[in-house]
Amino acid sequence: EIEQKALFVIFGGTGDLAKRKLYPSLFQLYKKGILQDNFAVIGTARRPWTDEHLQEVVRTSIASNDESQKQIDEFVRHFYYQSHNVNDTEHYVTLRELAEKLDLKYQINGNRLFYLAMSPRFFGTIAQHLKSQNIVTDEGYNRVIVEKPFGRDFESAKELNDSISKYFPEEAFFRIDHYLGKEMIQNIMALRFSNNLFRAVWNNRYIDNIQITLSEALGVEERAGYYETAGALRDMVQNHILQIVSLLTMNMPASYSESDIRREKIYALKSLKKYSPAKVAENFVRAQYIGNDGQVGYLQENEIADDSTTETFVAGKLFVNNENFSGVPIYIRTGKRLTQKTTRIDISFKEMETSFFDSKKLGRNILTINVEPEGQVYLQTNIKKIGQGFDLKPSRMDLQLNNENEVVPEAYEKLLLDALLGDATNFAHWEEVAYAWKFVDSIREAWDAGNGDLSEYKCGSMGPKESEDLLKHDGNHWVFTG
Ligand code: BG6
């Protein structure tokens, strides 16, 4: 890769995301030579930190045994701290001066990436000030990267979008969905479009149903404040799950390019079938975890209201009514405090009618795309048992994403590099976000109007019974049982 020159301004530089994801990812880019001498990072937040303190925090966040101290010392020297109240115009003046100084010092040529990793209610005012206080430059590029949550319904997302679009055009606007930076999620397109075998059968003539599972073992942790305003539907379905749905069901783009790929994803999301409120109750399940086996229930967690009805689990059946997928049920589920952390997609192919075998004994072909914990793809097939006669047994064809010596880059590292290169393919376009919200709003509104009860499930289970019933009703079952 070639060296990139850039000044990062991270709003929310003292936050959890910066420490857990952004600083370590920047360090990876540094180790790979994508960032070398000509870069600097300004961390900003309310707290009165010093440059030295930020540098210490960065050092701690990237620390691991095998890194050379000298390299870390050099890296952290590129970090600067600016205490900043986002509503105070004066502070932007200081920020501009610092940005200009660093631009000269590191010969960055005016390339700027503004990373908004703080409460979305400040996005508009930050965007406005970046423009009005001339923190954007004329010589280089100016890009804005925004973190989730991107609104809490279509209306608020639109407001948020407008408040940034007023100052930054769509091509400078990078909406993060970190699932799009995951290697195995990017592999969906590779699998589908580079293998004629899969291309031929990737449609409603051969696929019986698709199952998407994003399960987590963790509970709500320290994020009660946010989670209470979101719930699993907004937190995981609107973004990550619907993005996966679009990658699985979109038509093949005309080329591997940002605009062609985004166009097809938008069409897929536009084709999501909407339910009437009564049908929402039939096709979506929401539930909350209750205490089990030493783990407390959601209502007993810190800062959660005793009567909270926030869902920590969602399962649903949805349809993408485009040419290739109409009629194929797409079962989705996600939840906190389930048996384990797993992200996977199971594509179940139709059974075949044949008199050659006893069809009842024939196992289905199931293609599994395992995203986490390990990157794997495997296909369930039938094979002959060794020996006399003609009995069959199930067998698996396996693909492994990486071998032992290959390190798979973190999603954030890949996305930061994409943003440096100006490639928004793996970011969410506004229209994708908009259609996804419209779909999610229709579910939410039906729930709010009393369609569909809130069920419960035990910590450490795979969700409520209703989630099993949803598939049973169609004569199906979850392939992944936890
Ligand atoms: C985030 C959600 O978007 O994704 C979290 O807000 C969730 O609630 C996280 O834990 C899961 O991401 P990953 O990469 O760990 O699967």
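The values are calculated or read from the model by the stated rules, or taken from the named source; none is laboratory data. Please read all numbers here as calculations on a predicted model, not as lab measurements. All Cβ positions, even for glycine, are placed from backbone atoms using ideal geometry, and neighbour counts span all protein chains on display. We work out accessible area using only protein heavy atoms, side chains counted, and drop any ligands, DNA or RNA first. Shrake-Rupley method; radii C 1.70, N 1.55, O 1.52, S 1.80 Å.
Counting only residues that are more than 16 Å from the ligand (Cβ to nearest atom), among the β-branched types (Val, Ile, Thr) and at pLDDT 95 or above, segment 322-373 holds 5 of them. When every residue of segment 98-105 is checked against the conditions, none turns out to be over 30 Å from VAL408 (Cα atoms) and in a strand (DSSP E or B). When residues in segment 138-153 are screened for being in contact (Cβ under 8 Å) with a residue 40 or more places away in the chain and either crowded, with 19+ Cβ neighbours inside 10 Å or within 16 Å of the ligand (Cβ to nearest atom) (or both), 8 of them pass. Across segment 124-176, the number of residues qualifying as under 20 Å from LEU7 (Cβ atoms) and small (Gly, Ala, Ser) comes to 4. Across segment 207-216, a minimum of one residue is classified as over 30 Å from LYS350 (Cβ atoms) and modelled with pLDDT of 95 or more. Can you report the number of residues in segment 198-233 which are within 16 Å of the ligand (Cβ to nearest atom) and among the aliphatic types (A, V, I, L, M)? Of the residues in segment 198-233, 9 are within 16 Å of the ligand (Cβ to nearest atom) and among the aliphatic types (A, V, I, L, M). Is there a residue being within 16 Å of the ligand (Cβ to nearest atom), loosely packed, with under 15 Cβ neighbours inside 10 Å and part of a helix (DSSP H, G or I) anywhere in segment 234-251? Among the residues of segment 234-251, not one is within 16 Å of the ligand (Cβ to nearest atom), loosely packed, with under 15 Cβ neighbours inside 10 Å and part of a helix (DSSP H, G or I), which makes the answer no.
The condition (being closer than 24 Å to GLU228 by Cβ and either small (Gly, Ala, Ser) or free of Cβ contacts under 8 Å to residues at least 24 places away in the same chain (or both)) is satisfied by just one residue among GLY363, GLY327, GLY294: GLY294. No other residue among LEU130, LEU104 is of a type outside the set (Gly, Ala, Ser) and under 30 Å from GLY151 (Cα atoms) apart from LEU130.
Quick grid of which residues meet (1) of a type in the set (Asp, Glu); (2) open to solvent by less than 10 Å² (accessible area, probe 1.4 Å):
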| position | (1), (2) |
| --- | --- |
| GLU100 | yes, no |
| GLN107 | no, no |
| GLY110 | no, yes |
| SER119 | no, no |
| PHE123 | no, yes |
| HIS129 | no, no |
| SER132 | no, no |
| VAL136 | no, no |
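Does any residue of segment 469-476 turn out to be part of a strand (DSSP E or B) and more than 23 Å from the chain's Cα centre (by Cα)? Scanning segment 469-476 turns up no residue that is part of a strand (DSSP E or B) and more than 23 Å from the chain's Cα centre (by Cα). Screening GLU90 with (1) farther than 21 Å from ALA6 by Cα; (2) touching a residue at least 12 places away in the same chain (Cβ under 8 Å); (3) exposed (fewer than 15 other Cβ atoms within 10 Å of the Cβ) gives one miss only, at (2).
For segment 182-230, which positions are open to solvent by 40 Å² or more (accessible area, probe 1.4 Å), within 18 Å of the chain's Cα centre (by Cα) and charged (D, E, K, R)? Scanning segment 182-230 gives GLU183, ARG223.
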